[in-house]
């Protein structure tokens, strides 16, 4: 299908701890993103979702991590093998990145205008007037009022939500085909979160941009995205349209969904997932969810790795027993 | 045992830490155990002055005919021992004062001690030490006193800043909510989290203090002859550098060896810290 | 004489920031009854955390008073003097700074048990182990340092420490906002169990889902004042204040 924009296949990401010690942080992760799709990537801390994003925007090596094997096909280019020069034409131009709001933000010692100008002129030369016009256009696009004033301000003068809008403006400055948003609203207020989500949806609608939205909040992802990809202990284990999340084909997805507190009466019995997620470097062999799964059988622990396979035209699952448990594809 | 060391060495920075510790232990043990395996006393005249290295005297003899190997090792208690005192006393005093400052509320007291600390820290330690020696007179014992009197200020500043942060941490607030007595909070909850920081500084300070001790001795303000001390040995040998390099080179190497061993430990520890 | 367990009257807190007077909490009235669970909901900067710290006695109010069983909690320079101290305990938002990093979990809890329950070290250790077990922390994990535990486990260990004082009121300041979803539901389930045993709780959160799940009554805070308060169900079904309406509309469906 030519509708595919990017395809990550069986990727494994390692991180160097010492000269000899390597740690696997992502293993057997695959996902496909269509043009104009809003894809939610969900996982708990340590599931490798942030590393997968870094692989997509080519910033893995800054933390001593690298792609061990697998490929990322983006419009016919393998991003894993892309050179620094290739990346210069991809990063920002074709793939935009919105960082985690709590950790990163606009450079605190640069005016908003200067940072936008940097994002706008990337690689090409543009006149001052052109840059200014485009900056204002972008700020209006992310619904910042009085853009002329904001251009002259420093980040500390803006609220958290405003800063994140500026980051979004930077990310879309070159009309990228794909935007990777890594927990863009973590730490922001719920009302601001709702506004930012609305904004991302509008951008997608207006420019037909594909967006990967990363979060640990299933409720949020479910309400915003078309498709959900679930990561657990470094692997992608489920892909399901958000409309069919109750018919998911992996016990982990069900467990996550069922543990939502808005499904029960106040102080009612919650269906929690028992135990702790396996920590990086201590993944069990076989299905890495086996220890916490209600349906576990010996075969789950002996099949390694559990293949991530397409079950029907919209759903993928890494549970080898999904047919037994959920009665096959519906 | 060997397996555990291997495992430790595989951790981030572990290799450097193990190298540093073994280098440091080597020179310290050799230094303190010297009388057991070297037949010559450090101030015994055993041959002609300025005799070069030989099988009998691997480090050669100095201008008076004393065995250089014996002297170099005999200087270990003077240099490393005095440096140990010169670091641990200020470490203890400074950490305690710093923590008390973080707790203190009296503004007059705070600004008084604060300006003393800043005043002392305004000068390089070596300059203060030289100035103080002119009051107290030369000698290793006086060097220890000077370090105890002056070096605590650096530790106090680090400890105060760190303690102020720790006091705002939730676990200290939780301890206060528990109604623990103040002394328990200071010693069980605040001090361990402050001393980890000052201890780290003490390690790198150790190198500086060894250099200060030998520097003062080099200037004739530290160890008094005929005591063996690296700095004064280097000073003695300077005149004969052309004809008898061994008088300066071996004490110098010993000095380097100790400094490098500790900086290997410091580097290893900080690498381990960064990795976690 | 009031019959409330905790009551705050005309409570104000202002901060002095480089010469500027910044009000954080403005003349709020509040009460908590025995075995009641009350939520304080608001967004960042609304003053809800400051308010919780005043109730805990960690922050002295600029004006107004807080009473516990009718007695003013700020007497002299100590909050909750003497025996009252253990009655109100707190669980903090950040699981990474709630526990002393240089103390094993079991020792931190044992310390608290020894201090409050007059037990020998051996008995206290046993009580602590049982308590941690109840919070879902195994004996093996209990012997670890906080850095070896996940955020959710640390948060449950903090709850264990708070409970070892056998408090009457538990204050929780955003206990779930920094931990993973599966850990969140584990912690909330634990809270529900504790509430069932009759513990009074003040829960400060920005997460309306958590508030709805646990609280009997709720106060909605905006810029230092309570703009609306009432029974949780009423507030959720029929919010009167525009700010409350906006908050509720922002919950992802």
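Points to keep in mind about this one:
- Applying the set (1) closer than 23 Å to residue B:264 by Cβ; (2) at pLDDT below 90 to residue B:43 leaves exactly one unmet item: (1).
- Residue A:62 meets all of the listed conditions (1) modelled with pLDDT of 90 or more; (2) surrounded by fewer than 18 Cβ atoms within 10 Å (Cβ to Cβ) but one, namely (1).
- Test result for residue B:177, within 21 Å of residue B:258 (Cα to Cα), touching a helix residue (DSSP H, G or I) at 6+ places or on another chain (Cβ under 9 Å), within 14 Å of chain C (Cβ to nearest Cβ) and in a helix (DSSP H, G or I): no
- Residue within the range A:265-273 that is in contact (Cβ under 8 Å) with a residue 12 or more places away in the chain and either buried (at least 18 other Cβ atoms within 10 Å of the Cβ) or over 30 Å from residue C:218 (Cα atoms) (or both) present: yes
- When C:100, C:107 are checked against the criterion of being at the interface with chain B (Cβ under 10 Å from one of its Cβ atoms) and out of contact with any helix residue (DSSP H, G or I) (no Cβ under 7 Å at 6 or more places or on another chain), C:107 stands alone in meeting it.
- For residue C:23, the stated conditions do not hold, so it cannot be described as touching a residue at least 24 places away in the same chain (Cβ under 8 Å) and either in a loop (DSSP other than H, G, I, E, B) or within 14 Å of chain B (Cβ to nearest Cβ) (or both).
- Residue A:144 buried (at least 23 other Cβ atoms within 10 Å of the Cβ), in contact with a helix residue (DSSP H, G or I) (Cβ under 8 Å, 6 or more places away or on another chain) and either part of a helix (DSSP H, G or I) or free of Cβ contacts under 8 Å to residues at least 40 places away in the same chain (or both): no
- Residue within the range A:2-16 that is assigned to a loop (DSSP other than H, G, I, E, B), touching a strand residue (DSSP E or B) at 6+ places or on another chain (Cβ under 6 Å), away from chain C (no Cβ under 14 Å) and closer than 28 Å to residue A:206 by Cβ present: yes
- Applying the condition of being within 12 Å of chain C (Cβ to nearest Cβ) and surrounded by 18 or more Cβ atoms within 10 Å (Cβ to Cβ) to the range A:220-252 and asking which residue is nearest to residue A:304 (Cα to Cα) yields A:232.
- Some residue of the range A:50-62 being touching a residue at least 40 places away in the same chain (Cβ under 8 Å), under 20 Å from residue A:289 (Cβ atoms) and not in a strand (DSSP E or B): yes
- Reported count of residues in the range A:261-288, each being within 12 Å of chain C (Cβ to nearest Cβ), more than 11 Å from residue C:182 (Cβ to Cβ) and within 25 Å of the chain's Cα centre (by Cα), is 6.
- Yes/no for residue A:36 being outside any loop (DSSP other than H, G, I, E, B) and surrounded by fewer than 20 Cβ atoms within 10 Å (Cβ to Cβ): no
- The range A:185-196, subset surrounded by 20 or more Cβ atoms within 10 Å (Cβ to Cβ) and in contact with a helix residue (DSSP H, G or I) (Cβ under 7 Å, 6 or more places away or on another chain), residue nearest to the other protein chains (Cβ to nearest Cβ): A:190
Okay, residues lined up against (1) over 27 Å from residue A:251 (Cβ atoms); (2) within 9 Å of chain A (Cβ to nearest Cβ); (3) at pLDDT below 95; (4) surrounded by 24 or more Cβ atoms within 10 Å (Cβ to Cβ):
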| residue | (1), (2), (3), (4) |
| --- | --- |
| C:141 | no, yes, yes, no |
| C:146 | yes, no, yes, no |
| C:177 | no, yes, yes, no |
| C:180 | no, yes, yes, no |
| C:183 | no, yes, yes, yes |
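- Within the range C:26-42, the residues that satisfy the criterion of being within 16 Å of the chain's Cα centre (by Cα) and touching a residue at least 60 places away in the same chain (Cβ under 8 Å) are C:30, C:32, C:33, C:34, C:35, C:36, C:37, C:38, C:39, C:40, C:41, C:42.
- Taken across the range B:25-40, residues that are over 26 Å from residue B:66 (Cβ atoms) and either in a helix (DSSP H, G or I) or touching a helix residue (DSSP H, G or I) at 6+ places or on another chain (Cβ under 9 Å) (or both) do occur, with at least one present.
- Residue B:81 being more than 14 Å from every other protein chain (Cβ to nearest Cβ), within 30 Å of residue B:38 (Cβ to Cβ), surrounded by fewer than 21 Cβ atoms within 10 Å (Cβ to Cβ) and at pLDDT 90 or above: yes
Residues checked against (1) in contact with a helix residue (DSSP H, G or I) (Cβ under 6 Å, 6 or more places away or on another chain); (2) surrounded by fewer than 16 Cβ atoms within 10 Å (Cβ to Cβ); (3) not in a helix (DSSP H, G or I):
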{"site": "A:82", "(1), (2), (3)": "no, no, yes"}
{"site": "A:96", "(1), (2), (3)": "yes, no, yes"}
{"site": "A:100", "(1), (2), (3)": "no, no, yes"}
{"site": "A:113", "(1), (2), (3)": "yes, no, no"}
{"site": "A:120", "(1), (2), (3)": "yes, no, no"}
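- Residue C:51 in contact (Cβ under 8 Å) with a residue 60 or more places away in the chain, under 30 Å from residue A:161 (Cβ atoms), crowded, with 22+ Cβ neighbours inside 10 Å and away from chain B (no Cβ under 14 Å): yes
- Residue ranges of helices (runs of 4 or more DSSP H) in the range C:204-253 with at least 3 members within 11 Å of chain A (Cβ to nearest Cβ) and free of Cβ contacts under 8 Å to residues at least 12 places away in the same chain: C:242-249
- The set of residues from the range C:160-175 being assigned to a helix (DSSP H, G or I) and within 11 Å of chain B (Cβ to nearest Cβ) comprises C:161, C:162.
- Qualifying residue in the range B:233-246 (condition: under 26 Å from residue C:112 (Cβ atoms) and crowded, with 17+ Cβ neighbours inside 10 Å): no
- Residues considered: C:82, C:57. Of these, the only one that is over 11 Å from the mean Cα position of the chain (by Cα), closer than 23 Å to residue C:199 by Cβ, within 14 Å of chain B (Cβ to nearest Cβ) and without any contact (Cβ under 8 Å) to a residue 24 or more places away in the chain is C:82.
- Only one of A:258, A:313, A:294 that is under 25 Å from the mean Cα position of the chain (by Cα), within 14 Å of chain C (Cβ to nearest Cβ), surrounded by fewer than 19 Cβ atoms within 10 Å (Cβ to Cβ) and over 18 Å from residue A:12 (Cβ atoms): A:258
The values are calculated or read from the model by the stated rules, or taken from the named source; none is laboratory data. The shown structure was predicted, so the numbers you read here are calculated from the model rather than taken from an experiment. When we count neighbours, we look across all protein chains shown, and the Cβ atoms used for this are built from the backbone with ideal geometry, even at glycine.
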